[in-house]
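What follows is a single structure, written as structure tokens, with notes after it.
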Amino acid sequence: MIFASNSFAAQPGHADEFTGQMASMLGVMLEHDVQAGIKVSVSGTHTTEVFINSVFPDMKAYAAATANMRQSAKWVEVYMSIGNSAATVPLDSMVAEVLPGFDDAPSLSEGVIMLNMWRALPGRLADLKGGMAIAKEMHMQHGASAVRAYQVYGGRYNGCFGYNVSFADMAAMGSWWDSARDDNEKFFDEAGKNPSAEIQAQVILDNPAVIGK
């Protein structure tokens, strides 16, 4: 499974134009049969970031969808409006491949996502992947709706491995957080004795209050 994401921020004083552009971009993707959605950062970023995410069964499907949209006059219009706008700041884009064992939910998360980016230490990639598999089992037992781990290609987290924990909503995340605290502490106490990776980012994403509604 392939996961793609583009992130943007608004220039102060241009909220209406910015939200309109984000909604237009999402709308064009949906019109081209791309499974896409919008999330907004609520913690872990310097400014509020808007993420337009999409998911595909494999790289062939991602490439075909991308080529199809690039030939669309409507897509070009929306893309150019962002490039020429004083309202929108493009921040990042990435493509990621979901790891085996984490692709049992081939769809976008509908609620809150806790995003963690890890960079494996030299020679420790297998240990990092093994730790993620252990963490997934633990986190699902405490009430997560899905756990997804993936390898990132390109963008600010190029070469990192993402680990996302998803929840139905903020209330569900809060319940999970409290329930999993003891097991999380034990897990990281043990992993910290011989760490396999360094954390690069921790971001909480939620559904937008306005965009895409």
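Roughly how tilted is helix 73-83, in degrees to the nearest 10 and between 0 and 90, from the longest Cα axis of the chain?
Tilt of helix 73-83: around 70 degrees.
What lysines does K136 reach when the alpha-carbon gap must be under 21 Å and sequence neighbours fewer than 8 apart in one chain are set aside?
Answer for K136, where 21 Å is the Cα cut-off: K186, K193, listed by chain and number.
Angle check, please: helix 125-141 long axis (alpha carbons) against the longest principal axis of the chain (alpha carbons), in degrees 0 to 90, nearest 10.
Taking the Cα atoms of the chain, the angle to 125-141 is about 90 degrees.
In the set [x] 39, 21, 12; [y] 31, 19, 16; [z] 45, 19, 15, which value of semi-axes √(5λ) of the Cα gyration tensor in Å was calculated from the structure you see?
Recomputing semi-axes √(5λ) of the Cα gyration tensor in Å here gives the entry labelled [y].
Could you work out the mean projected area of the convex hull around the alpha carbons of the stretch 97-206, in square nanometres to one decimal?
6.7
Once both axes come from the Cα atoms, what is the angle between helix 59-70 and the longest principal axis of the chain, in degrees from 0 to 90, rounded to 10?
Once rounded, the angle reads 20 degrees.
What value, in deg cm²/dmol to 500, does the helix sum -39500 (n - 2.57) over DSSP H runs of n ≥ 4 give at 222 nm once divided by the residues of the chain? Before the final figure, lay out each step's value.
On the way: 5 runs with 79 residues, N = 213.
Calculated mean residue ellipticity at 222 nm is -12500 deg cm²/dmol.
Step through the residues of the stretch 42-51 one at a time and calculate ³J(HN,Hα) from phi using the Karplus curve (6.51 cos²θ - 1.76 cosθ + 1.60, θ = phi - 60°), rounding each to whole Hz and writing x for Gly and Pro.
Going residue by residue, I get 10, 6, x, 10, 5, 9, 5, 10, 9, 10 Hz, with x marking Gly and Pro.
Rounded to the nearest 5, what % of the DSSP beta bridges within the chain are antiparallel ones?
Numbers: 50 of 50 bridges.
Around 100 percent of the beta bridges assigned by DSSP in the chain are antiparallel ones.
For the stretch 155-168, in order, what is each residue's ³J(HN,Hα) by Karplus, 6.51 cos²θ - 1.76 cosθ + 1.60 with θ = phi - 60°, in whole Hz (x at glycine and Pro)?
x, 5, 10, 3, x, 8, 10, x, 9, 10, 10, 10, 9, 5
Sorting R148, R156 on the 10 Å Cβ count, fewest up front, what's the list?
Working: R148 25, R156 14.
Neighbour counts put them in this order, fewest first: R156, R148.
Over the chain, what relative contact order in percent results from Cα pairs under 8 Å that are six or more residues apart?
Working: 382 pairs, mean separation 61.6, N = 213.
About 29 percent, as a whole number.
Can you tell me which of 132-144, 172-184 comes out highest on packing, and rank the rest after it, using the mean Cβ neighbours within 10 Å?
Details: 132-144: 16.6, 172-184: 14.7.
Result, highest mean first: 132-144, 172-184.
Check the straight Cα-Cα distances from K129 and name the aspartates and glutamates below 20 Å, setting aside those fewer than 8 residues away within the same chain.
Cα-Cα hits under 20 Å: E97, D103, D104, E137, D183, E185, D189, E190, E198.
With a 10 Å Cβ neighbour count serving as the proxy for reagent exposure, in which order, fewest first, do L91, L205 appear? Could the numbers behind the result be given before it?
Details: L91 17, L205 25.
Starting with the residue having the fewest Cβ neighbours, the order is L91, L205.
Among T19, T48, T88, rank each residue by its count of other Cβ atoms within 10 Å, from fewest to most, as a rough exposure measure.
Details: T19 20, T48 12, T88 23.
Lowest count first: T48, T19, T88.
Since every read-out is calculated from the coordinates, none of them should be taken as a lab result. These numbers were taken from a predicted model, which means no experiment stands behind them. Quick reminder, even Gly has a Cβ in these numbers, built from the backbone with ideal geometry, and neighbours come from all protein chains shown.
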